Amino acid sequence: MRFEDERYVRVYTRDTVNWKMLPWQAKAVLALLFRKVDRAGLLDLDDHGPDGLAAMLELPMEVVEPGLSALLKRGTVVMTTSGALFVPKFLEAQEAQASDAQRKRDQRERAAARARLDEVAPDVSRTVTDRHALGQKVTGGHAESQVVTGGHSVPIRSEPPVPSEIPPACARVIGPEQLWIDAVGLQPGSGILDAWLLAKNAAPAKGLTPEEYFSKALGAFVQWVDGVRGARRPQKSPQKFVEHFARVQEILDGKRQAVPPEEEAQPGIAQLPAAPRAAVPVGQGGERKFGRG
């Protein structure tokens with residue numbers, strides 16, 4: 001395996017009280033779940049529930065059921081109305097940048113680990129060093145001056161690359177909540193995960209990433225809502241986005257106008273005049289006589 005070409009996730013090692021209070025089944029489920037969720041912390045189980053999770057994690061049901069129950073009870077994992085699992089703090093944990101103090105500690109720990117490896121297993125240490133050195137240069141068929149940049153700046157990389165090393169196109173993965181705020185200008189509230197899953201599932205057919213398609217769909221949704229008149233205007237909420245997602249798709253596909261033309265008058269309903277009638281001059285209104293029938 002070429003580690004430099006592989007996606008990886010962080011698993012923090014601090015034993016907090018919350019972690020210690022979890023049953024071992026929950027710890028097993030959570031650690032393996034990190035490997036299966038997408039970058040937003042979502043895992044779609046296709047309505048299979050715990051059975052689907054057991055299949056994805058390759059764990060027996062007698063481990064998955066109590067483990068998942070404990071995680072749901074503590075809010076570590078959330079089950080959406082569409083049946084997907086969501087780890088609320090996953091994105092924050094994966095994107096957190098190490099402080100200067102932590103980077104210094106990591107550097108000292110790596111140096112200490114290297115020294116201990118040299119002392120305990122010098123043959124292994126030399127093998128690792130030689131293999132790393134080979135990766136720095138191209139094969140002998142090329143000019144000796146041609147040196148390839150190493151895949152890692154250090155033999156062991158304990159944290160994701162710093163922002164300067166990340167290409168601009170993938171420098172940041174934005175979560176569904178932030179995409180909603182950017183497009184709508186409001187906090188999303190409940191239902192945001194269902195809205196995200198709709199866009200995520202529809203994105204591949206459009207040749208777009210889930211983030212790109214969700215942003216475009218939100219833009220069409222806002223344009224349509226702003227074009228609806230008066231009391232018929234729906235709220236800018238994730239629930240309404242889900243309810244009218246088919247309309248949003250038609251707008252994006254050019255099959256429907258975002259702002260519809262004026263609706264024709266419904267038959268049988270009297271329409272108010274466009275302008276008030278002119279007042280009748282005094283004395284020209286005629287005379288009405290009242291009598292008893």
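Observations on the structure shown:
- The set of residues in the stretch 78-105 that are touching a Pro at 6+ places or on another chain (Cβ under 8 Å) and aliphatic (A, V, I, L, M) contains only VAL78.
A quick yes/no check of all residues on (1) outside the structural domain of ASN201 (by TED's automatic domain parsing); (2) modelled with pLDDT under 85; (3) of a type in the set (Val, Ile, Thr); (4) exposed (fewer than 13 other Cβ atoms within 10 Å of the Cβ):
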position: MET21; (1), (2), (3), (4): yes, no, no, yes
position: MET56; (1), (2), (3), (4): yes, no, no, no
position: LEU68; (1), (2), (3), (4): yes, no, no, no
position: PHE86; (1), (2), (3), (4): yes, no, no, no
position: ALA121; (1), (2), (3), (4): yes, yes, no, yes
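- GLY52, sole failed condition from (1) free of Cβ contacts under 8 Å to residues at least 12 places away in the same chain; (2) assigned to a loop (DSSP other than H, G, I, E, B): (2)
- The condition (being farther than 25 Å from GLY191 by Cα and of a type in the set (Ser, Thr, Tyr)) is satisfied by just one residue among THR80, THR13, THR76: THR13.
- Residue tally, condition touching a strand residue (DSSP E or B) at 6+ places or on another chain (Cβ under 9 Å) and among the aliphatic types (A, V, I, L, M), over the stretch 19-58: 8
- Pair list, Cβ under 8 Å, 6 or more apart: the stretch 89-111 residue in contact (Cβ under 8 Å) with a residue 12 or more places away in the chain, other residue in a helix (DSSP H, G or I) and not acidic (Asp, Glu): GLN97/PRO163
- Matching entry among ALA217, ALA246, ALA258 (being out of contact with any Pro (no Cβ under 7 Å at 6 or more places or on another chain), not aromatic (Phe, Trp, Tyr), not in a helix (DSSP H, G or I) and not assigned by TED's automatic domain parsing to the domain that holds SER82): ALA258
- Residue that is surrounded by 15 or more Cβ atoms within 10 Å (Cβ to Cβ), in contact with a helix residue (DSSP H, G or I) (Cβ under 6 Å, 6 or more places away or on another chain) and under 28 Å from LEU179 (Cα atoms), where the choices are VAL29, VAL77, VAL64: VAL77
The values are calculated or read from the model by the stated rules, or taken from the named source; none is laboratory data. The model shown is predicted, which means the values in this text are computed figures rather than measured ones. As a convention, Cβ positions derive from the backbone with ideal geometry for all residues, glycine included, and neighbour counts pool all protein chains shown.
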